[in-house]
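J.: Structure incoming, see below.
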Amino acid sequence: MSFKSKTEQSSRSFVSKKWTFLLCLSCFCAGILFTNRMVAVPESKAIMRTTAVEAEKLKLISEGCNLKAKGEKHVSKDIIGEVFKTHHAIQTLDKTISNLEMELAAARAAQESLHGGSPLSEDVSRVGSSRKRKYLMVIGINTAFSSRKRRDSVRATWMPQGEKRKKLEDEKGIIVRFVIGHSATSGGILDRAIEAEDKKHGDFLRLDHVEGYLELSAKTKIYFATSVALWDADFYVKVDDDVHVNIATLGETLVRHRKNPRVYIGCMKSGPVLSQKGVRYHEPEHWKFGETGNKYFRHATGQLYAISKDLASYISINQ
């Protein structure tokens, strides 16, 4: 009996230890699982909260950048607008000054011609009413007393005559005249020949100037001053009487530069300096241009060129 009771007691003790071990193991696993779950939830919430805060900060920073960029763009537009306004104001002021200079030159030329009793006063009285009209260009054909054949060639080719020339002036705003002064002997045979030719064709602009080969520069300046006094044009053209002009092409070229101030349109040229005596176009002062074989510096040719009204007015004031 005692042996049996001991066996039952030991089996009960064994069972109770086994269940105790399993229970402890289960509690331990449950504790680990519960602890991990409790720790993971706050971490995820913290991560989510941190992510949301950082996103908000990034949003604020990006909005700040956008505001700064927009502000800089607005400031740059304001600066560009002010630059354009200033440039426009300068152009307007420059045009006003040019117009005042032109009016001053015209008034001065008219006053001098009236006081001096030169033939210019007759031209002023003849075209005084036309000064209210705005012309595109005045073409002055530089000619001499001995160039009658050249003038006839120009009349027969590109220079309209009679009513056609008047129509060109009225409809196209283009005035064409032969430009010539007077001989050293006033009222001599040369002057009478030009007067008879002018009476026949009516296409001369007589200058208060004594003709001479060495006075061509002075003649050109007087032509510009006289033209500014007689006609209000955008351009004043000087052309030699041995040059044939396509008026339509010339007009199209000048119109493209109508709004530009202080315009010179012409041809540039250069060439060798001829030091050998006896050849055509021999340069007596060739030594001024350096060694033999050198070229002239690039310069404007005088056969055909046009200048704008403000330049012609400047020449008239400062001749």
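J.: Among LYS295, LYS309, which comes first, second and so on when ranked by fewest other beta-carbon atoms within 10 Å?
T.: Lowest to highest Cβ neighbour count: LYS295, LYS309.
J.: Determine the alpha carbon to alpha carbon distance for each of LYS172/LYS221; LYS199/LYS259; LYS221/LYS288; LYS199/LYS221; LYS166/LYS269; LYS219/LYS288 and list only those over 32 Å.
T.: LYS199/LYS259; LYS166/LYS269
J.: Here's another thing I want to ask about it. Tell me which residues come under 5 Å, amide H to amide H, from PHE204 once H is placed; ignore anything under 5 positions away on its chain.
T.: PHE178
J.: Order these by the 10 Å Cβ neighbour count, fewest first: ILE139, ILE194, ILE97, ILE265.
T.: With the sparsest Cβ surroundings first, the list reads ILE97, ILE265, ILE194, ILE139.
None of the figures in this text is laboratory data; all of them are computed from the coordinates on show. Every value quoted in this text rests on a predicted model; they were computed, and no experiment measured them. All Cβ positions, glycine included, derive from the backbone under ideal geometry; neighbour counts span all protein chains shown.
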